[in-house]
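The values are calculated or read from the model by the stated rules, or taken from the named source; none is laboratory data. Everything numeric in this text was worked out from a predicted model, so none of it was measured. Ideal geometry is used to build each Cβ from the backbone, glycine not excepted, and the neighbour counts take in all protein chains shown.
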Amino acid sequence: METILDKYKATEVENVNVWFKAASVNDFPKDGGACVKYKEKQIAVFNFERLGKWYACQNLCPHKMEMVLSRGMIGDDKGIPKVACPLHKKTFSLETGENLNSDLDAIAVYPVKVEAGYVYIGFEE
Amino acid sequence: MQHIIVVGNGMVGYKFCEKFVEKAESKDFKITVFGEEPRPAYDRVHLSEFFESQNAKALEMATAEWYADNNIDLITGERVADINRTSKTITTARDRDFSYDYLVLATGSSPFVPPIKGVEKEGVFVYRTIEDLEGMLAYAAKLKAEKPDARAAVLGGGLLGLEAGKAVMDMGLEPHIVEFAPKLMPRQLDSRSSQVLKLKLESIGLNIHLSKATNQVLGDGAITGMEFGEDDFLDVDMLIVSAGIRPRDELGRACGLEVGVRGGIVVDNTMKTSDENIYAIGEIALYNQMIYGLVAPGYDMAAVAVEQIIGNTEAVMPADIDMSTKLKLIGVDVASFGEPFMPASKGHSIIFENKTQHLYKRINVSLDGKTLLGGILVGDASDYSMLHQVYLNAMAIPEDPSQLILPASEGGAVLGDVMDLPDEAQICSCESVTKGQICGVIENGEATDLAGVVSCTKAGTGCGGCKPMVADLTNATLKSLGIEVKDSVCEHFDLNRQDLYKIIQVKGYKKFNEVLDNHGNGGHGCELCKPLIASLMASIHADTANEEYAIQDSNDRFLANIQRNGTYSVVPRVPGGEITPDKLIALGEIAKKYDLYTKITGGVRIDLFGATLNQLPLIWKELISHGFESGHAYGKSLRTVKTCVGSTWCRYGMDESVSFGIELENRYRGIRAPHKIKGGVSGCIRECAEARGKDFGLIAVEGGWNLYVGGNGGANPRHAELFAEQIDNETVIKYLDRYLMFYMRTAKPLQRTAAWQERLEGGLDYLKEVIIEDKLGIAEDLEKEMQTLVNKFECEWTQAVNNPEMMKRFNHFINSEDEDENLVFVPMRDQKMPEPWV
Ligand SMILES: Cc1cc2nc3c(=O)[nH]c(=O)nc-3n(C[C@H](O)[C@H](O)[C@H](O)COP(=O)(O)OP(=O)(O)OC[C@H]3O[C@@H](n4cnc5c(N)ncnc54)[C@H](O)[C@@H]3O)c2cc1C
Ligand code: SF4
Ligand code: SF4
Ligand code: FES
């Protein structure tokens with residue numbers, strides 16, 4: 001049976017076929033995130049301003065399968081950029097998707113690029 | 001393998017086991033322990049704490065598993081009924097036989113109940129076991145339900161009787177102490193100090209009756225009074241007998257061991273009885289023709305018996321046993337040490353007395369004025385630990401010994417520094433821990449803080465009287481090693497909450513990044529420091545959570561409580577729980593319109609569940625138009641001030657609890673604190689608002705309000721402690737402003753008032769000095785800061801719905817108006833709930 005988790009597959013830049021134009025840079029909070037809808041998917045996108053980087057990952061928290069990660073706080077764990085789920089504060093690396101404070105499965109992360117004031121997320125399809 | 005049977009699993013019987021298993025030789029022995037009580041040994045010294053906590057587990061000396069792990073067979077609920085010395089066996093009440101090589105009697109004592117007519121009546125209790133206390137609590141509850149002004153008396157005005165008197169008071173009964181002697185604590189105090197103590201106790205509401213010989217207990221079935229002589233009666237509904245103890249020597253007597261005239265099994269200084277295979281320790285042992293009714297000598301006896309059994313025959317009990325004591329709990333300082341009374345032929349006494357302040361201090365010094373022999377302190381025993389040490393270690397005293405007890409303003413000397421004590425000074429007499437051992441575990445790195453010292457050395461785990469001194473020694477040693485005590489908030493700062501508070505206040509920072517860049521460790525923050533700094537900036541600048549929403553915690557970020565499926569619940573403020581029918585109807589209609597699950601919260605407000613992010617502003621616009629404002633249920637801030645209906649309707653009410661509750665709730669609403677804060681106001685001592693379960697609680701009494709602070713429910717329930725009595729509304733607000741602000745300034749992150757207060761060095765007394773007496777000279781600042789917060793209050797939901805920029809965040813998607821299609825609700829009792837988690 002396909003679960004909602006199966007919709008989310010980590011994507012490398014090399015494999016990107018679609019750059020989805022999500023929203024204006026100004027729509028995102030600084031050092032915070034928001035959720036982008038792409039087809040059937042919910043993607044959490046973070047503007048990590050302190051690092052001058054953007055990150056994207058599934059909005060689905062693998063702990064209890066809730067669509068909440070975009071509402072989590074970001075920060076770093078000994079230098080690794082991370083997001084903390086707002087429900088039970090499980091933390092995930094924004095670089096690799098790895099769960100940093102327990103042994104949940106990694107979340108899917110996606111490439112992001114910013115062009116002409118717009119944020120794009122990369123998908124295979 | 002030799003077999004040791006321990007009879008009695010009380011404090012001393014347990015200590016024997018603990019000391020025994022620490023010995024390498026213990027592997028050659030097997031221990032079996034019999035205890036008559038249904039549970040493993042517990043801390044009887046702190047028995048009175050059971051009234052507050054009702055948590056028997058918390059008093060346990062060690063868990064049942066501990067005995068098993070240490071290869072000790074613990075058999076509880078089984079009394080040893082007989083000893084057969086020739087066959088070296090015992091028989092239990094269940095008729096089981098066990099043989100022993102060594103027998104250790106640790107059967108303790110039982111309360112002495114004088115043979116007064118009627119003493120068997122219902123409502124007469126003794127004070128020794130957890131079961132006794134459970135019985136009292138149940139009886140008191142029943143009494144209070146039938147009779148709001150019920151009274152209880154304690155027979156006996158000794159150390160224990162006064163402790164019981166306080167317990168009676170805490171149970172909400174009118175307390176009376178009945179003493180046969182013409183003075184209180186006859187064994188520890190002289191007549192003048194006992195007179196001062198009487199005045200002090202009366203001032204806090206205890207009724208004292210001295211020189212009263214009780215002839216009979218009156219009542220038909222249950223007690224209704226006591227009769228002392230012709231026409232001399234006291235009406236009481238309950239009686240606690242605390243008239244001394246009797247050693248439980250019945251086993252020893254029956255098998256022919258030597259016993260004392262007034263009871264107790266005779267032992268020599270090796271703790272052996274008249275049978276060399278049988279030892280007696282604790283309150284059963286008659287040593288030097290004395291029963292020592294304190295734990296410390298009992299623990300020493302346990303240690304001696306252990307050494308003797310494993311063959312260290314030179315370990316013996318000292319001839320002199322320190323009987324110094326400090327009364328705990330009652331809220332009145334009383335202590336006596338060494339030789340409290342002194343015939344003039346043996347030394348000089350110096351006495352300082354101030355009846356109006358209920359102060360009495362006496363010291364006895366040797367005839368040559370060089371050594372301290374003993375003393376009594378009533379009203380202020382803050383110098384007890386130091387004086388006790390000076391006495392124990394025969395330390396040098398000032399040429400003018402009166403300096404030891406005179407107030408500093410009248411030429412009194414400041415007592416020496418704890419670090420001046422000799423290394424062998426015994427700091428904790430219950431566990432025989434010396435100053436050298438305490439400093440040692442820090443110096444060799446075994447312990448790095450007070451908790452570590454306590455767990456390494458066990459100092460302070462007995463009666464607890466030495467705790468302040470252990471803390472002083474710990475801090476002084478750490479300081480001497482140049483160790484800073486760190487409790488930084490997370491990996492991004494080397495600072496604690498209090499440091500950050502000061503920095504933000506002084507520098508006026510308004511952005512998280514300013515604090516991080518100037519004072520952080522070069523990282524980027526995390527879910528610990530971000531909400532903390534958000535809360536500090538809010539406390540200091542009276543900002544709402546709408547500032548910099550990305551650093552706010554899950555709930556503050558969207559001004560609502562996130563629920564398990566990612567939807568939110570909405571709680572408008574209902575100050576004091578007072579709500580008009582029109583507002584109730586409005587709430588109902590809004591809940592219906594948005595299909596929200598509706599429930600009354602534990603804080604007696606109305607909670608509407610299941611709102612999506614997109615719905616939150618719509619719901620709030622409607623709520624605001626009906627006159628509601630944010631209830632801050634999502635913030636670490638004031639939740640509710642729960643009130644009973646008070647004198648406006650209630651036939652017992654002494655004051656308007658609702659009006660005052662509303663005033664307080666409106667005063668402190670919205671203020672961000674280290675943790676949530678709850679308040680309660682009751683119109684009389686029946687306490688229908690459960691105010692003592694709150695961070696601050698008020699109870700109307702004759703002549704004003706009693707103010708309680710530091711209570712909470714939650715995982716570790718605590719009753720708030722009495723802070724000030726019979727104060728008027730204005731004073732309540734003054735004290736609360738200062739209290740809350742001081743808490744906000746100094747607590748640790750996510751520390752509620754109870755935990756903060758408990759860990760505050762100097763405890764409640766210190767807090768009173770700061771808040772009431774303004775010892776630190778900060779009261780005015782605290783009041784001003786609070787007033788600024790009060791003046792700047794703004795409803796953050798009103799602020800948000802009127803600001804399109806702030807509204808942007810209330811959308812599930814940034815690029816679509818759609819709702820989250822993954823939300824699934826299922827029906828439940830005519831309402832809905834989120835689909836269960838798998
Ligand atoms: C309310 C209260 C406050 C106190 N405060 C202080 C204080 O502040 N400082 C201080 O130093 N001391 C204090 N004490 C005194 C202290 O608790 C006692 O000195 C200490 O408990 C004595 O220990 P023990 O093991 O000798 O006796 P106990 O603790 O009484 O233990 C004896 C145990 O043996 C059991 N037993 C008896 N006979 C048998 C049998 N035949 N078979 C099996 N089991 C048996 C009993 O049921 C009991 O459990 C206080 C006591 C009370 C009640
Ligand atoms: S606490 Fe309040 S409601 Fe309860 S009896 Fe007293 S005044 Fe009445
Ligand atoms: S007690 Fe536990 S389950 Fe109930 S509301 Fe509180 S946190 Fe949730
Ligand atoms: S659902 Fe994310 S941590 Fe539990």
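Checking the conditions here, which among B:Arg94, B:Arg151, B:Arg187, B:Arg85 is out of contact with any helix residue (DSSP H, G or I) (no Cβ under 7 Å at 6 or more places or on another chain), of a type in the set (Lys, Arg) and buried (at least 18 other Cβ atoms within 10 Å of the Cβ)?
B:Arg151
Results for (1) on the phi < 0 side of the Ramachandran plot; (2) within 10 Å of ligand 2 (Cβ to nearest atom); (3) modelled with pLDDT of 95 or more, shown as yes or no for each residue.
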| site | (1), (2), (3) |
| --- | --- |
| B:Gly646 | no, yes, no |
| B:Arg651 | yes, yes, no |
| B:Asn666 | yes, no, no |
| B:Arg669 | yes, no, no |
| B:Val681 | yes, yes, yes |
| B:Ile685 | yes, yes, no |
| B:Cys688 | yes, yes, no |
| B:Phe696 | yes, no, yes |
| B:Asn716 | yes, no, no |
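B:Ala243 meets all of the listed conditions (1) closer than 30 Å to B:Asn706 by Cα; (2) surrounded by 19 or more Cβ atoms within 10 Å (Cβ to Cβ); (3) among the small types (Gly, Ala, Ser) but one, namely (1). Looking at this structure, is A:Ala34 out of contact with any Cys (no Cβ under 7 Å at 6 or more places or on another chain) and either touching a residue at least 60 places away in the same chain (Cβ under 8 Å) or away from chain B (no Cβ under 12 Å) (or both)? No; evaluated as a whole, the condition is false for this residue.
Which fully enclosed helices (runs of 4 or more DSSP H) of the range B:543-631 have 3 or more residues being in the same structural domain as B:Glu805 (by TED's automatic domain parsing) and touching a residue at least 60 places away in the same chain (Cβ under 8 Å)? Talk me through it step by step, then tell me what you get.
Numbers: elements: B:554-557, B:581-593, B:615-625.
Once the helices (runs of 4 or more DSSP H) in the range B:543-631 are filtered for at least 3 residues that are in the same structural domain as B:Glu805 (by TED's automatic domain parsing) and touching a residue at least 60 places away in the same chain (Cβ under 8 Å), what remains is B:554-557, B:615-625.
Checked against the criteria, B:Pro148 counts as within 16 Å of ligand 2 (Cβ to nearest atom) and either part of a loop (DSSP other than H, G, I, E, B) or touching a strand residue (DSSP E or B) at 6+ places or on another chain (Cβ under 9 Å) (or both). The set of residues from the range B:514-547 being within 18 Å of A:Leu51 (Cβ to Cβ) and among the acidic types (Asp, Glu) comprises B:Glu514, B:Asp517, B:Glu527. So, of the residues in the range B:455-473 that are within 17 Å of B:Val418 (Cα to Cα) and buried (at least 22 other Cβ atoms within 10 Å of the Cβ), which turns out to be farthest from ligand 1 (Cβ to nearest atom)? Step by step, filter the range B:455-473, then rank; the result is B:Leu473. Annotation: B:Tyr743 fulfils all but one of (1) touching a strand residue (DSSP E or B) at 6+ places or on another chain (Cβ under 7 Å); (2) in contact (Cβ under 8 Å) with a residue 60 or more places away in the chain; the unmet one is (1). Give me the pairs, please: first residue somewhere in the range B:524-536 and more than 11 Å from B:Asp553 (Cα to Cα) and facing another protein chain (nearest Cβ under 7 Å), second residue anywhere and assigned to a helix (DSSP H, G or I) and among the basic types (Lys, Arg), beta-carbon distance under 7 Å, and either six or more positions apart or on two chains. What qualifies is B:His524/A:Arg50. Is it fair to say B:Gly661 is outside any loop (DSSP other than H, G, I, E, B) and surrounded by 23 or more Cβ atoms within 10 Å (Cβ to Cβ)? Spelling it out, B:Gly661 is indeed outside any loop (DSSP other than H, G, I, E, B) and surrounded by 23 or more Cβ atoms within 10 Å (Cβ to Cβ). Taking the range B:282-341 as the range and being within 12 Å of ligand 1 (Cβ to nearest atom), part of a loop (DSSP other than H, G, I, E, B) and on the phi > 0 side of the Ramachandran plot as the test, only B:Leu329 passes. Could we say that B:Phe723 is away from ligand 1 (no atom under 16 Å from the Cβ), modelled with pLDDT of 95 or more and among the aromatic types (Phe, Trp, Tyr) here? Taking the combined requirement at face value, the residue does not satisfy it. Report whether or not B:Ala800 is aliphatic (A, V, I, L, M) and over 42 Å from the mean Cα position of the chain (by Cα). So B:Ala800 fits the description; yes. Regarding the range B:560-570, can at least one residue be identified that is within 18 Å of B:His675 (Cβ to Cβ), within 11 Å of chain A (Cβ to nearest Cβ) and of a type in the set (Lys, Arg)? Scanning the range B:560-570 turns up no residue that is within 18 Å of B:His675 (Cβ to Cβ), within 11 Å of chain A (Cβ to nearest Cβ) and of a type in the set (Lys, Arg). The one condition from (1) in contact (Cβ under 8 Å) with a residue 40 or more places away in the chain; (2) more than 9 Å from every other protein chain (Cβ to nearest Cβ) that A:Ala22 does not meet is (2). Among residues of the range A:45-69 being more than 12 Å from ligand 4 (Cβ to nearest atom) and facing chain B (nearest Cβ under 10 Å), the one that is surrounded by the fewest Cβ atoms within 10 Å (Cβ to Cβ) is A:Leu51. The set of residues from the range A:82-111 being within 10 Å of chain B (Cβ to nearest Cβ) and either touching a Pro at 6+ places or on another chain (Cβ under 8 Å) or buried (at least 20 other Cβ atoms within 10 Å of the Cβ) (or both) comprises A:Lys82, A:Val83, A:Ala84, A:Cys85, A:Pro86, A:Leu87, A:Thr91. Annotation note: of A:Asp105, A:Asp76, the sole residue that is among the acidic types (Asp, Glu), away from ligand 1 (no atom under 16 Å from the Cβ) and more than 25 Å from B:Val489 (Cα to Cα) is A:Asp105.
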